[in-house]
Amino acid sequence: MRSLWQLIYRYHIFLVFLLLEVAAIALLIRNNNYQRATFVHSANQVTGNLYEKRTEIAEYLKLQSINEELAKENARLRTAKGPNYQKLTDDLYLREDTLYLLKYEYLSGRVINNSVNRPNNYITIDKGSKNGIQKEMGVVAKGSVVGIVKDVSDNFASVMPLINTNMRVGVKLKRSGETGEVQWDGSDPAFATVRDISRSANPLKGDSIITSGFSTYFPEGILVGTVENYRIPEGENFYVIDIRLTTPFHQLNYIEVIHNILADEQLELEANQEEQNGG
């Protein structure tokens, strides 16, 4: 307290001046219409700017919850699409609300760890077995292939992305339908290579490469990339096609995990067939 009084005594002349200045300004504003109007306008401007900044900050803090809701809604809408149901005829999909008839279900999630500069990159998402995530489920982002779930804990899952040298995905040329396999060479995360496309395919730059639908991971028709270059090595009968991946692995945030509800049935049938054929 003594220090406070010493501080006031030291600056008492300045404090008295400041007090008189404030009083003079107050009297000026109170007794003159023009100055009062100017002050009110300026005060409203400052207050409005402060409210605007506060609103912007509040909206920014809400973005995560808003994005999570949008991701869930996108997953619900993708699940409701006709091709995720068993096809009965060329023009009819059975859409009754039963899990037996629904083939693909989309589950939303968020990327919490991601690598792009290693030969064998991995992604971690914030959903696990408690949320219905299982091994060998396909993962997409904004309608483009990301990878496949490889390990799952209660609350998290790790995903092997396309930009992992051990990753293979069955694909096809959208325009002509010839099938092949996409693989990453470990260099640029924006590009990958498609092999085993028949020389009769006649690919063109810009052609879309989509999932073939031959595995249990992905439905047919999910975008993988677009053709950049293509060639047939000497002495071979298949194209080697360089593609630009459509998934921005540097910027992954929200993803969707694809649950193929009929996967176990398909795998069991195929395993029995292999057993009958001797292995």
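Of note:
- Scanning the stretch 142-151 for residues that are in contact with a Phe, Trp or Tyr (Cβ under 8 Å, 6 or more places away or on another chain) and in a loop (DSSP other than H, G, I, E, B) turns up nothing.
Table: residues versus (1) more than 17 Å from residue 168 (Cβ to Cβ); (2) buried (at least 16 other Cβ atoms within 10 Å of the Cβ); (3) in contact with an Asp or Glu (Cβ under 9 Å, 6 or more places away or on another chain).
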residue: 188; (1), (2), (3): yes, no, no
residue: 204; (1), (2), (3): yes, no, no
residue: 224; (1), (2), (3): no, yes, no
residue: 231; (1), (2), (3): yes, no, yes
residue: 235; (1), (2), (3): yes, no, no
residue: 243; (1), (2), (3): no, yes, yes
residue: 265; (1), (2), (3): yes, no, no
residue: 271; (1), (2), (3): yes, no, no
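Conditions tested, residue by residue: (1) modelled with pLDDT under 95; (2) under 26 Å from residue 163 (Cα atoms).
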position: 226; (1), (2): no, yes
position: 229; (1), (2): no, yes
position: 252; (1), (2): yes, yes
position: 260; (1), (2): yes, yes
position: 278; (1), (2): yes, no
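- The one condition in (1) touching a residue at least 40 places away in the same chain (Cβ under 8 Å); (2) part of a loop (DSSP other than H, G, I, E, B) that residue 154 fails to fulfil: (1)
Condition check ((1) surrounded by 20 or more Cβ atoms within 10 Å (Cβ to Cβ); (2) at pLDDT 95 or above) across all residues:
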position: 193; (1), (2): no, yes
position: 199; (1), (2): no, no
position: 211; (1), (2): yes, yes
position: 216; (1), (2): no, no
position: 220; (1), (2): no, no
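The values are calculated or read from the model by the stated rules, or taken from the named source; none is laboratory data. Please read these numbers as outputs of a predicted model, since none were measured by experiment. Ideal geometry is used to build each Cβ from the backbone, glycine not excepted, and the neighbour counts take in all protein chains shown.
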